[in-house]
Amino acid sequence: DFVCRSLRVGHGLAVSFGMVGDELPNPIAREFKNVFEEVNFGLPFNEAMTNFALRVDSADVNFLVVGLLIQREAGGNLIGLLENIAKTVRDRTIFAGKVRVLSSEGKYSGILLSALPFAIGGILAVLNPHYMSILWTTELGQNLILFSLVMMVFGGLWMWKLTKIRV
């Protein structure tokens, strides 16, 4: 958005990157300033932008770099392109937040379901030790505990896999 405003005022793209480097907070400001300095020192804009994408490992920066490189080759409305990229980045950030909130419900459900058998077993062991002693003293009880632990691990891994969503 800052670059778009700078372009509307009449500054060039490289100068706009320099202004972003001066005005915005680090660490991204430093990277924009590096692009500005590389272009000023004679590095072609395409190489400076490629270096920028390599230094900053971000899908959003990759969108910006690819969009600018294609625009330089094909031409078109630079401000419109940058506005669309900014909107896409904002929308992705909002979507990622929503996914994180919704998936946290599944994560905490998994934690609760994993802890519940231990809590209930502990309560039963305190209230009625004879009732729970069958699990520790008989071979069938020990096999049941082992099988339950293995199934809990598989269930926990499955819940973790279900709630891990990449945006």
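The values are calculated or read from the model by the stated rules, or taken from the named source; none is laboratory data. In this text the structure is predicted, and so the values were computed from the model without any measurement. So basically every Cβ, Gly included, is an ideal-geometry build from the backbone, and we count neighbours across all protein chains shown. Only protein heavy atoms, including side chains, enter the accessible area calculation; ligands, DNA and RNA are left aside. Shrake-Rupley method; radii C 1.70, N 1.55, O 1.52, S 1.80 Å.
Site pair Asn46 and Ile70 shows an inter-label distance of 1.6 nm when each label is modelled 7 Å from Cα along Cα→Cβ. Summed over all non-identical Cα pairs, the Kirkwood treatment of the chain gives a radius of 20.6 Å. Principal axis analysis of the Cα atoms in the range 18-78 yields extents of 31, 27, 21 Å, listed in decreasing size. Sorting 49-56, 93-100, 15-22 by their mean Cβ neighbour count within 10 Å, with the most densely packed peptide first, gives 15-22, 49-56, 93-100.
By the rule of a C-alpha distance below 23 Å, with chain neighbours fewer than 8 residues away ignored, the lysines paired with Lys164 are Lys98, Lys107. Using θ = phi - 60° in the Karplus curve 6.51 cos²θ - 1.76 cosθ + 1.60, the 3J(HN,Hα) couplings for the range 110-119 round to x, 5, 5, 5, 6, 7, 4, x, 5, 5 Hz; x is entered for Gly and Pro.
The phi torsions of the range 129-145, fed into the Karplus equation with coefficients 6.51, -1.76 and 1.60 and a -60° offset, translate into couplings of x, 5, 4, 7, 5, 4, 5, 8, 8, 9, 5, 4, x, 5, 5, 5, 5 Hz, rounded to whole numbers, with Gly and Pro shown as x. To put it simply, the accessible area of the range 21-101 at a 1.4 Å probe is 59 percent carbon and sulfur. Our estimate of slack between Asp22 and Lys161, defined as 0.36 nm per intervening residue step minus the Cα-Cα distance, is 45.8 nm.
Over the range 11-167, Cα pairs under 8 Å with separation of 6+ residues give a relative contact order of 15 percent. With a cut-off of 17 Å on the backbone N, the residues of the range 1-15 near the modelled label site 7 Å out from Thr93 along Cα-Cβ are 1-5. Once the Cα atoms are used to define both axes, helix 13-23 deviates from the longest principal axis of the chain by about 60 degrees. With Cα atoms defining each centre, the range 90-119 and the range 124-167 are spaced 22 Å apart in the structure. The distance between label points at Val153 and Arg8 comes to 5.9 nm (points 7 Å beyond Cα on the Cα→Cβ vector).
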